[in-house]
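**Student:** Handing you this structure, nothing more for now.
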Amino acid sequence: MQNFYKTDYTVKSTEIDSNWKIRIDHIVELFQAITGVHSTELGVDGPTILKNSNAFWVLTKFKIKVIDLPKMDDNITLETWPTIVKGVRFGRDFLMQKGDKNCVLGTSEWCTLDYTTKELRRTNSVCYPTDMPHRDYLSGAGDFIKLRESVCEDDYNHTHTCLFVDIDTNKHTNNIAYLRMALNCFSPDEFENLNIEDMQISFLSQTYFGDEIKIYKKQIENGFYIEGKLNDKAVFNCIFTQKGD
């Protein structure tokens with residue numbers, strides 16, 4: 001049993017933006033995919049933790065730091081490993097590399113919910129190998145920051161209706177769908193000039209098929225703050241920080 005997972009990958013034409021660079025949502029999607037592979041190796045994948053612990057995984061926060069986004073057909077290496085396991089929180093970090101250089105640094109926070117009650121489960125109450133040796137270093141993506149800005153109707157951008165392609169196996173809106181709602185606040189030209197340094201997204205509340213989420217976009221000092229609301233309750237928020245001159 002390895003406390004990390006590493007694999008090679010080639011950026012596909014379906015994963016790039018108008019700059020020919022890998023799109024932010026596909027970066028997160030790839031990191032989640034290798035999390036799934038490693039979780040299976042550790043025996044804590046979704047089906048196993050449901051069967052053995054009557055629980056399921058929920059991603060609560062995700063953050064990436066962009067150094068140099070890979071382009072279409074670039075050969076890259078993806079790596080992930082678990083970090084903090086404490087209380088109700090599980091941490092997991094990521095690296096995306098091209099050759100011997102880091103391209104994207106990532107970190108995430110997860111929790112488990114009881115399948116029956118939907119209540120938080122403590123880390124020692126599910127079938128996770130807490131005695132497994134954990135790496136003692138982090139990716140370098142940095143700590144999570146507190147995300148909350150006030151938004152008003154002047155900040156309203158668009159409304160997204162949660163449809164079939166947004167729904168995951170737990171029958172609630174997938175976290176990648178929320179990130180795409182945030183990205184859809186930008187035009188291609190606007191995003192090309194954004195020059196992202198950091199992206200952080202927090203998932204605050206579950207939504208379901210048919211829910212209409214109002215998306216707000218607010219320019220802040222060093223980037224943009226985006227929030228999705230259902231019936232005036234925030235369900236996710238996200239910040240894109242721009243690189244300085």
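**Student:** Being farther than 23 Å from Asn193 by Cβ and among the hydroxyl-bearing types (Ser, Thr, Tyr) is the filter; apply it to segment 3-13 and report the residue that is surrounded by the most Cβ atoms within 10 Å (Cβ to Cβ).
**Tutor:** It comes out as Tyr5.
**Student:** Looking at segment 143-166, can you tell me whether even one residue there is in contact with a helix residue (DSSP H, G or I) (Cβ under 8 Å, 6 or more places away or on another chain), within 23 Å of Leu105 (Cβ to Cβ) and of a type in the set (A, V, I, L, M, F, W, C)?
**Tutor:** No, segment 143-166 contains no residue that is in contact with a helix residue (DSSP H, G or I) (Cβ under 8 Å, 6 or more places away or on another chain), within 23 Å of Leu105 (Cβ to Cβ) and of a type in the set (A, V, I, L, M, F, W, C).
**Student:** Out of Ser18, Ser53, I need the residue that is of a type outside the set (Phe, Trp, Tyr) and either modelled with pLDDT under 95 or out of contact with any strand residue (DSSP E or B) (no Cβ under 9 Å at 6 or more places or on another chain) (or both). Which one?
**Tutor:** Ser18
**Student:** Then there is this: Of these, Asp73, Asp68, which one is over 20 Å from the mean Cα position of the chain (by Cα), among the acidic types (Asp, Glu) and in a loop (DSSP other than H, G, I, E, B)?
**Tutor:** On inspection, the qualifying residue turns out to be Asp73.
**Student:** Do we have Met96 as under 26 Å from Asp8 (Cα atoms), part of a loop (DSSP other than H, G, I, E, B), touching a residue at least 24 places away in the same chain (Cβ under 8 Å) and out of contact with any Lys or Arg (no Cβ under 9 Å at 6 or more places or on another chain) here?
**Tutor:** no
**Student:** What about Ala177, is it touching a His at 6+ places or on another chain (Cβ under 9 Å), assigned to a helix (DSSP H, G or I) and outside the structural domain of Thr60 (by TED's automatic domain parsing)?
**Tutor:** yes
**Student:** While we're on this one: Please go through segment 203-240 and give me each residue that is surrounded by fewer than 21 Cβ atoms within 10 Å (Cβ to Cβ) and polar (S, T, N, Q), ordered by number.
**Tutor:** Ser205, Gln206, Gln219, Asn222, Asn231 - these are the residues of segment 203-240 that are surrounded by fewer than 21 Cβ atoms within 10 Å (Cβ to Cβ) and polar (S, T, N, Q).
**Student:** Only one of these conditions is not met by Gln200: (1) surrounded by 19 or more Cβ atoms within 10 Å (Cβ to Cβ); (2) part of a helix (DSSP H, G or I). Which number is it?
**Tutor:** Among (1) surrounded by 19 or more Cβ atoms within 10 Å (Cβ to Cβ); (2) part of a helix (DSSP H, G or I), the lone unmet condition for Gln200 is (2).
**Student:** Which ones in segment 206-226 are under 17 Å from Thr161 (Cβ atoms) and either at pLDDT below 95 or under 16 Å from the mean Cα position of the chain (by Cα) (or both)?
**Tutor:** Gln206
**Student:** For segment 137-151, how many residues meet the condition of being of a type outside the set (Phe, Trp, Tyr), in contact (Cβ under 8 Å) with a residue 12 or more places away in the chain and either farther than 14 Å from Lys229 by Cα or surrounded by fewer than 19 Cβ atoms within 10 Å (Cβ to Cβ) (or both)?
**Tutor:** The total comes to 9.
The values are calculated or read from the model by the stated rules, or taken from the named source; none is laboratory data. This is a predicted model, so every value here is computed, not measured. Cβ atoms come from the backbone with ideal geometry, glycine included; neighbour counts cover every protein chain shown.
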